[in-house]
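As structure tokens, the structure follows; a few thoughts come after it.
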Amino acid sequence: MIKTIYIFGNPDLDFDSLPFRILPELKKRFPKIDFETKDPNEELEMPEELVIIDTVKGIKQPHVFSKLSDLAGHPNISVHDFDLYSHLKLLEKLGRIKKIKIIGIPPSISESEAIEEVSLILRQTAKF
């Protein structure tokens with residue numbers, strides 16, 4: 001059972017703030033999950049399965065990435081994305097990440113669509 005989900009993005013940038021804008025509704029819908037906002041370079045607790053919600057450019061629908069290598073060829077990387085990706089790759093190389101799920105949200109969808117799609121993903125993947 002997933003207990004913590006890390007939220008990344010930048011609340012000050014419209015194209016990268018969707019995870020933060022949907023967070024209040026996700027907290028209402030999933031009160032048993034601890035949603036934690038993080039900076040890409042902050043130390044993460046390492047649960048059995050690391051679950052992250054973040055903005056991903058270049059996708060049209062929310063998508064679950066289960067391997068960091070799925071993101072490696074992504075051409076639209078901002079400094080934020082590079083920092084997070086690099087940090088996660090280092091943790092993976094050190095053996096600290098055993099299992100990962102990144103719930104990628106495209107920046108172009110509405111808040112209501114993002115809430116519904118992410119809620120569906122959480123119900124399916126977190127068994128809620």
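The values are calculated or read from the model by the stated rules, or taken from the named source; none is laboratory data. Bear in mind the structure is a predicted one, so any value in this text is a computation, not a measurement. Cβ placement follows ideal geometry from the backbone for every residue including glycine, while neighbour counts extend to all protein chains displayed.
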* To do: Give the residues of the range 63-85 that are part of a helix (DSSP H, G or I), farther than 21 Å from Thr37 by Cβ and modelled with pLDDT under 70, sorted by residue number.
  => Ala72
* Would you tally the residues in the range 9-35 being of a type in the set (A, V, I, L, M, F, W, C) and modelled with pLDDT under 90? => 2
* Kindly indicate whether Lys60 is outside any strand (DSSP E or B), among the basic types (Lys, Arg) and modelled with pLDDT of 80 or more. => yes
